[in-house]
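The values are calculated or read from the model by the stated rules, or taken from the named source; none is laboratory data. No experiment lies behind these values; they were computed from the predicted model shown. Counting neighbours? That spans all protein chains shown, and the Cβs are built from the backbone with ideal geometry, glycine included.
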Amino acid sequence: MKTLLYFAILITTESTFSGCSRYQYASLQSDLPKAMGNAILENDTARVTYTFKGKNCPVQIQVANKGNKPLYIDWKKSALIIADQRISYWEDKTILNTTTRGYEVELTKTVSSSSATTKGELIKNEQVSFIPPKSFVSVVPLTAKSSFFKLAKPEQRIAVTNGDPPLMGIRHSFGPENSPMKFRSYLTLSFDQNFDHSFSYDNQFWVSEIIETGMSAPGLNFPITNDQFTIEKTTGFGTFMGGLAAVAVLVGLVALKR
């Protein structure tokens, strides 16, 4: 009887916690050509590659120096511009990363000795990147979108898995004129470290498609490309049912002890 109850608790918990999240997979277009999903700006001086794959639209920027003299990029004077608001690619802050390792030795049933060592390092993003000739620098200065898009019709129902029957999702398509998210990336570069003769690149991006579904990426029938980012939201139903599952587990465990 206890064995059957144990398996019932396990099955109930697994089924309850599945389907607790919804996902939006947003694809980006730009005024730049693409290669393998990356948006690329290229001329005789530099090659700038934008990648947005990941959670909450990480803005990954790779700047390659194609010339024979040093190139500098000022991240403080570079920015993401959303709805005419400037968000600098550089913040004047320092991050402390620490790790702690320890052990405990039980001398008797009531006496023990313990020791721990903490190591840490201060990390501060550089304001100006120095790029030697024929080399590149790659940074992820910020994420651009963390909240769910609020979408209205028209929409299109599509199959997002290959099962029988498949799991369905909703697809929305947009042009640059009606996109729910548009932004620009502005970069300031120079051949001298004082930026006395600087130049800039200014490129626009917009969300062209959003697929919303309850399935996470590994089970989808389409690949997540470098121009596509993911937003996850825990549903109210999932939170409520998760609470019920926790209660069910506690009640079951009490029953097993009897």
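Scanning the stretch 147-162 for residues that are exposed (fewer than 11 other Cβ atoms within 10 Å of the Cβ) and among the small types (Gly, Ala, Ser) yields 147, 152. When the stretch 160-205 is filtered for residues that are under 22 Å from the mean Cα position of the chain (by Cα) and of a type in the set (A, V, I, L, M), the ones remaining, listed by number, are 160, 170, 181, 187.
Among residues that are modelled with pLDDT of 95 or more and not hydrophobic (A, V, I, L, M, F, W, C), residue 192 is included.
Working only within the stretch 29-47, note down all residues that are of a type outside the set (Lys, Arg), over 21 Å from residue 200 (Cβ atoms) and assigned to a strand (DSSP E or B). If the condition is that a residue be of a type outside the set (Lys, Arg), over 21 Å from residue 200 (Cβ atoms) and assigned to a strand (DSSP E or B), then 29, 35 are the ones that fit. Elements of the type strands (runs of 3 or more DSSP E) sitting completely within the stretch 119-211 and holding at least 1 residues that are in contact with a strand residue (DSSP E or B) (Cβ under 9 Å, 6 or more places away or on another chain), polar (S, T, N, Q) and under 23 Å from residue 83 (Cα atoms): these cover 135-143, 168-173, 182-190.
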